[in-house]
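Participant: I'd like to ask some things about the structure below.
The values are calculated or read from the model by the stated rules, or taken from the named source; none is laboratory data. Predicted, not measured: the structure shown is a model, and the values here were computed from it. So basically every Cβ, Gly included, is an ideal-geometry build from the backbone, and we count neighbours across all protein chains shown.
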Amino acid sequence: MKECGKCGFQNEDDAGFCGKCGAPCGRPGNAAAPGNPDAGAGTAVKCEKCQAENSPEAKFCGSCGAAVQGDDAWQAEWKAEGNKNLGAFPYVIAGLSFIPGIGIVFGIAAIIWGIFTARKGGPKLAFIGMCGILLSLLLFGSLYYFGLVRRTGVFADLRSKLTVTVADQAVQAIEFYKVKTGKYPESLNELIGSLPAGSAAIAYDPSRTDASGAPRMLYYELINPNQYYLFSVGDDNIPFTKDDILPSVQPAGGLGYTIKP
């Protein structure tokens, strides 16, 4: 047996490194450590680096000095993994994070992968995934702001034009209701009940949707059996104010639609 000059551990005669502390202990051993009687098929610890078999008590390979078990072996394996590149597949996942909406799922996967991988490129992968998520948040945040919150600009003009079109259609539907029934509806709900399936949209105000996502109906008031008001109450939700949006139909003889003087 060969005693380690550093820790006193008894090593095989052909060991080049101490099996306990990994210190050199003379000439290097053979790759397969044939002189080790304890390195049986059931008890031997194989070195991942040189494939030499070592005794069960060994923490370091007697042939090459590499860690074979314990915390040092785990650290060595982690270090070896860190010398490898991630490959293309993780970056494909990160690239999919730039798809609006569903890309958030891929972005989260890329971030988790990048944080916990030991291979090279982990931080870069996590950064790409985070950028993809931020893009989706920015896109949908902008759509929400310009589409539902901001009341001026191109989107607001489009909503106003759409509201005028819907109000014109509602006037036509109300007049047709009068032709069929001989009277104007008491409410828009009564009008909706007489319309074919899928036609109820003409009674709703597209100029604004509240925070809950519930649509708002156009303002309708039957003044007398022959006249009614119909318009959108605008952003302030108060009828007969400056921001009301009126139909493009002009009050005329034969129509019950009128405007407040």
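Participant: Out of (1) at pLDDT below 85; (2) surrounded by 13 or more Cβ atoms within 10 Å (Cβ to Cβ), what's the single condition that is false for residue 130?
Facilitator: In the conditions (1) at pLDDT below 85; (2) surrounded by 13 or more Cβ atoms within 10 Å (Cβ to Cβ), residue 130 misses (1) alone.
Participant: Among (1) modelled with pLDDT of 75 or more; (2) in contact with a strand residue (DSSP E or B) (Cβ under 9 Å, 6 or more places away or on another chain), there is one condition residue 89 misses while meeting the rest; what is its number?
Facilitator: All conditions pass for residue 89, except number (2).
Participant: Output the number of the condition that residue 118 fails; it satisfies all remaining conditions of (1) surrounded by fewer than 15 Cβ atoms within 10 Å (Cβ to Cβ); (2) at pLDDT 90 or above; (3) not in a helix (DSSP H, G or I).
Facilitator: With respect to (1) surrounded by fewer than 15 Cβ atoms within 10 Å (Cβ to Cβ); (2) at pLDDT 90 or above; (3) not in a helix (DSSP H, G or I), residue 118 is out only on (2).
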